[in-house]
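Enquirer: Structure in structure tokens, see below.
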Amino acid sequence: MPEKHLFEYAVIRVVPRVEREEFLNVGVILYCAGQKFLKCVFDVNETRLSAFACDVETAIILSNLTAIEKICVGGAEAGPIGQLDIASRFRWLTATRSTVVQASKVHPGFCIDPEETLQKLFQQLVL
């Protein structure tokens with residue numbers, strides 16, 4: 001039987017007006033230490049976003065999400081945060097903040113294949 005690995009994930013949300021605490025799920029970040037896996041997937045449905053918050057600039061949201069994706073991959077292209085170890089990058093990405101693009105609280109689970117689990121969570125929580 002394949003070994004199950006502990007993973008942690010957070011939902012990436014667009015929160016147009018932080019004071020109202022209303023949000024739209026746009027992505028998922030998944031970290032699995034045992035597999036040295038850190039990845040995010042996102043999709044911004046512009047029609048839904050504009051119906052939810054007509055004054056949000058999609059280009060800015062996409063830029064923020066692309067930065068999250070680069071930090072997950074790591075390396076010099078991701079800036080100083082991209083140079084951190086994988087666990088520190090995940091913790092930085094999921095830290096509480098009051099910005100338009102935020103991460104939910106972190107949730108744990110067990111998986112055999114982190115990529116498959118990421119895609120499943122993305123389907124369930126975003127699409």
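The values are calculated or read from the model by the stated rules, or taken from the named source; none is laboratory data. If you're wondering where the values come from, they're calculated on a predicted model, not measured in any experiment. No Cβ is skipped: glycine too gets one built from the backbone with ideal geometry, and neighbour counts run over all protein chains shown.
Enquirer: Name every residue in region 1-38 that is of a type in the set (D, E, K, R) and within 15 Å of Gln123 (Cα to Cα), in order of residue number.
Expert: Arg13 - this is the single residue of region 1-38 that is of a type in the set (D, E, K, R) and within 15 Å of Gln123 (Cα to Cα).
Enquirer: Find the residue count for region 111-126, including only residues that are surrounded by 20 or more Cβ atoms within 10 Å (Cβ to Cβ) and in contact with an Asp or Glu (Cβ under 9 Å, 6 or more places away or on another chain).
Expert: Qualifying residue count for the region: 1.
Enquirer: Looking at (1) more than 12 Å from the chain's Cα centre (by Cα); (2) under 21 Å from Phe23 (Cβ atoms); (3) part of a helix (DSSP H, G or I), which is the one condition that is false for Cys54?
Expert: Cys54 satisfies every listed condition except (3).
Enquirer: Something else now. Kindly check whether there is at least one residue in region 47-63 that is touching a Gly at 6+ places or on another chain (Cβ under 9 Å) and touching a residue at least 24 places away in the same chain (Cβ under 8 Å).
Expert: Scanning region 47-63, I find no residue that is touching a Gly at 6+ places or on another chain (Cβ under 9 Å) and touching a residue at least 24 places away in the same chain (Cβ under 8 Å), so the answer is no.
Enquirer: Those residues that are over 12 Å from the mean Cα position of the chain (by Cα), modelled with pLDDT of 95 or more, closer than 25 Å to Val44 by Cα and exposed (fewer than 12 other Cβ atoms within 10 Å of the Cβ), I need them from region 78-102; list them, please.
Expert: Gly79
Enquirer: May I pose another question? Which residues, counting only those in region 4-35, are loosely packed, with under 13 Cβ neighbours inside 10 Å and modelled with pLDDT under 95?
Expert: Residues satisfying the conditions are Arg17, Glu19, Arg20, Glu21.
Enquirer: With the checklist (1) surrounded by 13 or more Cβ atoms within 10 Å (Cβ to Cβ); (2) over 14 Å from the mean Cα position of the chain (by Cα); (3) at pLDDT 95 or above in hand, flag the one item Leu49 doesn't pass.
Expert: All conditions are met except number (3).
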